[in-house]
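Read the structure below first, then the notes.
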Amino acid sequence: MLFLKHTSVSVPNNRMTLEQLMALGAIGVDDLEALKQRGYHSVPVDQEETSSGLIHQALDRLFAEADADTGRVRYVVMPYYYNAFPYKYNLCAELRERYGLRRATFFSIRDLLCSNWLMGLKVGGCLLQQSPETGDLLLMVSCEKAYLPDLRYGGTYFVVGDAATAAIVGKTGPGDTILAVHNVTDIRTFEAKGEDTGQVIVQDYSYFINMSRMIRRCLQQAGVTLADVKLFIPTNTLTETWENLAKVMKIPPERFFTEALYEYGHCNNCDLILNYEWAVKKSRLRPGELYTFVSIGSGGAIGCAVCRKG
């Protein structure tokens, strides 16, 4: 059994408006209007802050509030999408020295795009369970920072913000019980695109069938039913994705938590913890209730984790 013991986020106070993004040449007038119709106006961005600075803020808060012994951290898993660090910069060595992670083995996970976090949880969790020491910990660290303006534009669907998140996973409580984690990649999942614009015009229905099967399989592994789940916490992509998935699963779309989408934008592998903390802050989850993380990445990579709030 594993437990999500503590989480932390670092989000810039400064925000970039759509008008500022347009002035940088990343979007046009039509794009701006389409994004505004969706509900976007700005996303958190601090152009002066570095990726390592965001990570430091998240980890400083995490270790201050969790009162965890950094010497017990056995594994550090770093899921990410954007190449936010110079190749000559040894981030792992810097974090090891700064936080006393002397026993930790570091891993990075990238090739599942926005579904890397849940794969990282699966890989790190399996490694942690094989550790002979009961008090050993897994540290999950993600940072997404778009240094180029055009990386912030996800078509007329979403805008990318900056953030860092951190989470401690342990073999004993207290914390949220992680009942099951399941990941699938199905390369048969594709999207139909318009010939002229290249924009997605139809999402392949098999995408939602695959996600529904994956979630139900994860629930089965956890020994719970779909009706038991209070809230689904997804990544911050298209709201239509979760509405369509809700239809396939025959559940109300309100069970998918999308309230933070226009606050943070899409922060790739930071989305799940950002949304989790937002949901807890808004009292959408109470002790004993079940919730499920759900993530998708381009090319058919999908992930799910079923947890019980501690």
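Table for the structure above
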quantity	calculated
In region 107-144, the residues that are in contact with a Leu (Cβ under 8 Å, 6 or more places away or on another chain) and either surrounded by fewer than 19 Cβ atoms within 10 Å (Cβ to Cβ) or acidic (Asp, Glu) (or both)	LEU127, GLN129, ASP136
Matching residues in region 110-165 - criterion: being closer than 25 Å to THR17 by Cβ and charged (D, E, K, R)	GLU144, LYS145, ASP150, ARG152, ASP162
Tabulated pairs, region 110-128, first within 22 Å of ALA84 (Cα to Cα), second in a helix (DSSP H, G or I), C-beta under 7 angstrom, 6+ apart or interchain	ARG110/ASN116; LEU112/MET119; CYS114/ASN268; CYS114/ASN269; ASN116/ASN269; TRP117/ASN269; TRP117/LEU272
Matching entry among ASP228, ASP271 (being of a type in the set (D, E, K, R), under 25 Å from MET16 (Cβ atoms) and touching a strand residue (DSSP E or B) at 6+ places or on another chain (Cβ under 9 Å))	ASP271
Cross-chain or 6+ apart pairs with Cβ under 7 Å, region 55-72 first and not assigned by TED's automatic domain parsing to the domain that holds GLY100, then crowded, with 16+ Cβ neighbours inside 10 Å	none
So TYR89, is it part of a loop (DSSP other than H, G, I, E, B) and within 21 Å of the chain's Cα centre (by Cα)	no
Residue list for region 221-232, filter: out of contact with any Asp or Glu (no Cβ under 6 Å at 6 or more places or on another chain) and in contact (Cβ under 8 Å) with a residue 12 or more places away in the chain	GLN221, ALA222, GLY223, VAL224, LEU226, ASP228, VAL229, LEU231, PHE232
Among the candidates GLY299, GLY288, residue that is in a loop (DSSP other than H, G, I, E, B), assigned by TED's automatic domain parsing to the domain that holds ARG216, surrounded by fewer than 23 Cβ atoms within 10 Å (Cβ to Cβ) and modelled with pLDDT of 95 or more	GLY288
Residue in region 38-45 that is within 19 Å of LEU148 (Cα to Cα) and either without any contact (Cβ under 8 Å) to a residue 40 or more places away in the chain or in contact with a His (Cβ under 7 Å, 6 or more places away or on another chain) (or both) present	yes
3 or more residues within 14 Å of the chain's Cα centre (by Cα): qualifying strands (runs of 3 or more DSSP E) within region 92-184	137-144, 163-170
Region 273-301 residues that are of a type in the set (D, E, K, R), paired with ones that are buried (at least 18 other Cβ atoms within 10 Å of the Cβ) and in a loop (DSSP other than H, G, I, E, B) (beta carbon under 6 Å, 6 or more apart)	GLU289/LYS309
Hits in region 57-83 - residues which are among the hydrophobic types (A, V, I, L, M, F, W, C) and surrounded by fewer than 21 Cβ atoms within 10 Å (Cβ to Cβ)	PHE63, ALA64, ALA66, ALA68
Residue within region 265-272 that is under 15 Å from the mean Cα position of the chain (by Cα), crowded, with 19+ Cβ neighbours inside 10 Å and acidic (Asp, Glu) present	yes
Neighbours by Cβ (under 9 Å, 6+ apart or cross-chain): first from region 90-107, without any contact (Cβ under 8 Å) to a residue 24 or more places away in the chain; second of a type in the set (A, V, I, L, M) and surrounded by 14 or more Cβ atoms within 10 Å (Cβ to Cβ)	CYS92/VAL76; CYS92/MET78; CYS92/LEU101; CYS92/ALA104; ARG96/VAL76; ARG96/ALA104
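The values are calculated or read from the model by the stated rules, or taken from the named source; none is laboratory data. This one's a predicted model, so the numbers in the text were calculated from it and none came from an experiment. All Cβ positions, glycine included, derive from the backbone under ideal geometry; neighbour counts span all protein chains shown.
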